[in-house]
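Below: the structure, in structure tokens.
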Amino acid sequence: MSVWSAAQPRACFPLLTQQSELIWLDSAATTQKPLAVLDAERAFYEQINANVHRGAHRLGHAATEAFEAARSSVAHFINSPSRQQVVFTRGATEAINLVAHSWGGSQLQAGDEILISMLEHHADIVPWQMLAARTGAMVKPIPLTDALELDLDALAAMLSPRTRLVCVTAMSNVLGTRPPLSRIIAMAHAVGARVLVDAAQALAHDVIDVQALDADFLVFSAHKVFGPTGIGALWARMELLEAMPPWQGGGEMIARVSFDGTTYAPPPLRFEAGTPAFAQAVGFAAALNWLQQQDRSAIAAHETALYQQLAAGIAHIDGVHILGAPHDKGPIASLAFATAHPYDVAQFLDNADIAVRVGNHCAEPLMQALQQHGTLRVSIAAYNSAHDITRLLAVLAETLELLA
Ligand code: PMP
């Protein structure tokens, strides 16, 4: 395995080369974009811009081809058996809302249960609560152990024939925890429940293979994988998509429309009403292609080494610790302080050109379980270097001394 050097990827990211002092440790909120993504969108607008799936002209055909090729790239990236199983959405949030409306609205009824991991982002909680309010289904949280892992014994006790869906993240956006997905999926399937995996954080770090994973639904956003904002995707089993009714009506999603009745297009177009984000889809594909051209196992080893450097450094600074030490963890850390306020610390870091995130990270139930009002989150990506972590640790130590 080759060694990853962050200097070369940093050079691919115009914002990071132009702001050479900036240390970006907020990639879990959004990643920076490589030139390949900016170039791909610009080339699309300059050379083939036209609406898709409708033009009776050369550009319309070229744009449709580029859009559908982008769908193929996304499908290939997650090893989907077919590109028809990739539905473009505005992001992970919209993808979950789509499943809740369409699959949940048509399949769930009073008495059914949706089990949601305590690690989830609000995007994987609130749509299910809204569905529960409409259908009478019940939402139940899967608790954490004292070590802040998902409690699989509790899950085993909660699973029953009433369980229709289990929602779980592939990587917590707060703690970095990677729950044991294969085990959870097998446990859920054993009682006939479906599983939705939120891969919004994991996709930039882990190789995700939907066939090996055996989940039923998988969601993600482009902007957290070096791609543009405004686009993401839902992947689902074909038989589920085929049985799911549309959730939004409009152009693109129909087979025929008349005032006597309308018929719908097959998936994925059935779920893509209106003009899709086609230029962003091309940028999304460019981001995934860029990532695929890199040595992904070297990136993963590099990110783990940076995380370990961070953890070792934090252990030597008084008044701060990393929350949770899960067995399997991605390069995301939430820091808790003995006395300092995370917002004050983040302000000092920002003054030193170090960008982190503070707050509840759209995971209030998890914050309640952690008994924290908010944390300071450090999230690492391929373009970070050992220098970034050394500098963060130095400024953090100085700041905590100053605030003591
Ligand atoms: N799930 C997780 C784990 C996330 O971190 C996020 C974004 N913070 C989302 C879902 C929602 O993603 P988006 O806002 O791009 O739809």
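Per residue, how many Å² of accessible area does the chain show with a 1.4 Å probe?
Numbers: 16800 Å² over 404 residues.
That works out to 42 Å² per residue.
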Quiz item: With the dipole of segment 64-222 worked out from charges on the C-beta (+1 for Lys and Arg, -1 for Asp and Glu) around the Cα centre, which of Ser117, Val195, Val87 lies farthest toward the positive end?
Solution: Val87
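Assign unit charges at the C-beta atoms only (+1 for Lys and Arg, -1 for Asp and Glu), then state the dipole size of the chain relative to its Cα centre in Debye, rounded to the nearest 20.
It works out to roughly 900 debye.
Only Lys, Arg, Asp and Glu count, each charged at its Cβ (+1, +1, -1, -1), so figure out the dipole size of segment 98-222 about its Cα centre, rounded to 20 debye. Can you show the working numbers first?
On the way: 7 positive and 13 negative charges, 76 e Å.
In total the dipole reaches around 360 debye.
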Exercise. Compare the Cα positions of Ser221, Leu241, Thr275 along the charge dipole of segment 38-292 (+1 at Cβ of Lys, Arg; -1 at Cβ of Asp, Glu; about the Cα centre) and return the one farthest towards the positive end.
Key: Thr275
Quiz prompt | HN-Hα J in Hz across segment 94-110 - Karplus 6.51, -1.76, 1.60, θ = phi - 60°, x for Gly and Pro | solution = 5, 4, 5, 4, 4, 5, 4, 5, 7, 5, x, x, 8, 10, 9, 9, 3
Quiz item: Tally Lys/Arg at +1 and Asp/Glu at -1 over every other residue whose Cβ is under 15 Å from the Cβ of Ala50; what's the total?
Solution: -3
Exercise. Return the long-range amide H neighbours of His53 (sequence gap of 5 or more, or a different chain), with a cut-off of under 5 Å between placed amide H atoms.
Key: Thr64
Exercise. Report the paramagnetic label zone for Thr229: residues of segment 24-48 whose backbone N is under 12 Å from a point 7 Å from Cα along the Cα-to-Cβ axis.
Key: 30-31
Quiz item: Hey, any idea what the orientation-averaged projected area of the convex hull of segment 210-346's Cα atoms comes to, in nm²?
Solution: 12.9
Quiz item: Roughly how many percent of the accessible protein surface of the chain is carbon and sulfur, given a 1.4 Å probe and a whole-percent answer?
Solution: 53
Quiz item: Where does helix 181-190 land angle-wise versus the long Cα axis of the chain, in degrees 0 to 90, nearest 10?
Solution: 40
Quiz item: Which whole-angstrom value gives the distance between the alpha carbon centres of segment 217-269 and segment 9-39?
Solution: 31
Practice problem: Relative to the longest principal axis of the C-alpha atoms of the chain, give the angle of the C-alpha long axis of helix 342-351, reported between 0 and 90° and rounded to the nearest 10°. | Solution: 80
Quiz item: With axes computed from alpha carbons, what is the tilt in degrees of helix 35-47 against the longest principal axis of the chain, rounded to the nearest 10 within 0 to 90?
Solution: 30
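State the antiparallel share, in %, of DSSP beta bridges confined to the chain, rounding to the nearest 5.
Taking every DSSP beta bridge with both residues in the chain, the antiparallel ones total about 55 percent.
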Self-check item: segment 274-298 and segment 311-349: distance between their alpha carbon centers, rounded to Å
Solution: 32
Quiz item: With Cβ to Cβ distances under 14 Å as the rule, what net charge do the other residues near Val356 carry (K, R +1; D, E -1)?
Solution: -2
Self-check item: Sites matching GluC sites (Glu not before Pro) across segment 8-67 that sit in DSSP coil, with at most 15 neighbouring C-beta atoms within 10 Å
Solution: Glu21
Practice problem: Sequence neighbours fewer than 8 away in the same chain don't count; with that in mind, list the lysines whose C-alpha is under 21 Å from Lys33. | Solution: Lys224
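Quick one: in the chain, what % of C-alpha pairs are over 27 Å apart? Don't skip to the answer; put the middle values down first.
Details: 42590 of 81406 pairs.
Distances greater than 27 Å cover 52 percent of the Cα pairs.
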Practice problem: Add +1 for every Lys or Arg and -1 for every Asp or Glu among the other residues with Cβ under 11 Å from the Cβ of Thr30, and state the total. | Solution: +2
Exercise. Divide by every residue of the chain the summed helix terms, -39500 (n - 2.57) for each DSSP H run of at least 4, and state the resulting mean residue ellipticity at 222 nm, rounded to the nearest 500 deg cm²/dmol.
Key: -12000 deg cm²/dmol
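The values are calculated or read from the model by the stated rules, or taken from the named source; none is laboratory data. Keep in mind that this is a model prediction, so the values were computed, not measured. Every residue, glycine as well, gets a Cβ built from its backbone with ideal geometry; the counts of neighbours run over all protein chains shown. Keep in mind that these areas ignore ligands, DNA and RNA; they rest on the heavy atoms of the full protein, side chains included. Shrake-Rupley method; radii C 1.70, N 1.55, O 1.52, S 1.80 Å.
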